[in-house]
Amino acid sequence: GDPKKIEEGVEQILQMNNFNIHSLVVVRHGKLVLDEYFYGYGPEDEHPLASVTKSVFSTLFGIAADQGLFNPEQKLYDFFSYYRSKPGWQTNKDKISLGMLLSMTSGYACQDWAPPQDACMFEMAKSADWTEFCLTYHLDHMPGQHFAYCSSCLTPLGVILTQKSGLSVADFAQKYLYDPLGIQAHHWYLGPNKVYLVSTGHWLRPRDMAKLGLLYLDKGKWDGKQIVSSKWVDEATSIQAIKDHPRFAGYGYLWWINKESLPGRDIRVYYASGFGGQNIFVAPDLDLVCVLTGGNFKDSEEGGQAFGIFKDYILAAFK
C-alpha cells in the first residue's frame, strides 16, 4: 500500500473540524495496518452501530439458518399464523418470506427514506407491542417486487430467532458469533416484551466491527473454524434486490453491494452502513477491510463523507 495516501486521509480527517470521524481501522491481508481514533474516542470505546446492526443480524440469521432453525424461503406468517384470522388481513401477506424482510422487499408500506423519515421506526418504538405493530403493517406492493428500506420490518425476525433457538438475540449472538471471535458485546437496545431492536440498537468497538468484516472476507471462517457457512456469506453479499440504482449496485441480505472504479478496473465492495458514518467496507479483490465510525448525525451528506475517505484515500492506497 501507499502510506502517503493513508497519511493524507488521516490529515483530511483532522482538517475537517465540522466533520466527526471517530475511528478509522484498516486491515489488509489479515493484519491491522491502521488503527486511528479521533475526537477523544479510543480503541476500547464501544460505538453505536446504527444500521450496521443489520449486517450483524444478517450474520446471526445465517448462523441460525445453518443450524436448521429457519431459512430465507420460509413464509413470515407461518410463524405468526394467528394474524391470518385478524380483521384487515391481506391475503398477499402470505407471500412474504423471511428473505424478503432481509432484502427489504416485503412490500410493507414503510420506507425509512421517505418523509417523514424513519416514521415507522419511531411509531414502532412508541408502541406497546413491537411485533404486533410490524405484523399489522399494510401492504402497498406485492411482496418480493419493490425495494423499500424498512428498519422496523426486521423486528419479527429477532422474535423468530428467540422462538426457535430459545435464546435472546444478545445471548445467541454472544454464544455463536462473539465468543468464537473473542468479542464481548455489552449493548443491545431492548424494547417492550424483551423484543430486540435488531435493525439499529447495537454497539461494538471499531476493531470488533473489523472482525465481522474479516469473517466475511474469509467466507465465514475464523481461526480455521466455520462460524457461518460460506453459502450464507455468498448469499448475503450477492444482489438480492435493487438494480440500476445510481449509487448502489444492489442490496443483499442486510449488506450493501457496490462497484468502485479504480484506475483500469472495477472492484466489488460490499459493506455495512449506518447513519452518522458507521461503515464496515469489505473489498475481497484487495483482501481489505476498512471500518469507519462517526458522529455525523446532522445530515446524510455528512455521513456520506466516510465513503469519500474510504474511496479517495484507503482504496487509492491499495489499488
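The values are calculated or read from the model by the stated rules, or taken from the named source; none is laboratory data. Model, not experiment: these values are computed from the prediction. Quick reminder, even Gly has a Cβ in these numbers, built from the backbone with ideal geometry, and neighbours come from all protein chains shown. Heavy atoms of the whole protein, side chains included, go into the accessibility calculation; ligands, DNA and RNA do not. Shrake-Rupley method; radii C 1.70, N 1.55, O 1.52, S 1.80 Å.
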Original post:
Would you say residue 46 is acidic (Asp, Glu), open to solvent by 10 Å² or more (accessible area, probe 1.4 Å) and under 30 Å from residue 164 (Cα atoms)?
Top reply: yes
Subject >> Verdict on residue 231 being charged (D, E, K, R) and closer than 26 Å to residue 69 by Cα >> reply: yes
Subject >> Residue satisfying condition, being loosely packed, with under 13 Cβ neighbours inside 10 Å, at pLDDT 95 or above and farther than 23 Å from residue 204 by Cα, within set 15, 67 >> reply: 67
**OP:** Determine, yes or no, whether residue 129 is on the phi < 0 side of the Ramachandran plot, touching a residue at least 40 places away in the same chain (Cβ under 8 Å) and acidic (Asp, Glu).
**Re:** yes
Original post:
Counting only residues that are under 22 Å from residue 272 (Cβ atoms), assigned to a helix (DSSP H, G or I) and among the hydroxyl-bearing types (Ser, Thr, Tyr), which one in segment 160-192 is most open to solvent (accessible area, probe 1.4 Å)?
Top reply: 176
Original post:
Of the residues in segment 225-272, how many are in contact with a Pro (Cβ under 8 Å, 6 or more places away or on another chain) and touching a residue at least 60 places away in the same chain (Cβ under 8 Å)?
Top reply: 3
Subject >> The one condition in (1) within 25 Å of residue 210 (Cα to Cα); (2) touching a Gly at 6+ places or on another chain (Cβ under 9 Å) that residue 64 fails to fulfil >> reply: (2)
**OP:** Look at segment 52-107 and say how many of its residues are among the hydroxyl-bearing types (Ser, Thr, Tyr), within 22 Å of residue 140 (Cβ to Cβ) and under 15 Å from the mean Cα position of the chain (by Cα).
**Re:** 1
Subject >> Selection count where residues are open to solvent by 60 Å² or more (accessible area, probe 1.4 Å) and in contact with a strand residue (DSSP E or B) (Cβ under 8 Å, 6 or more places away or on another chain), scope segment 70-90 >> reply: 3
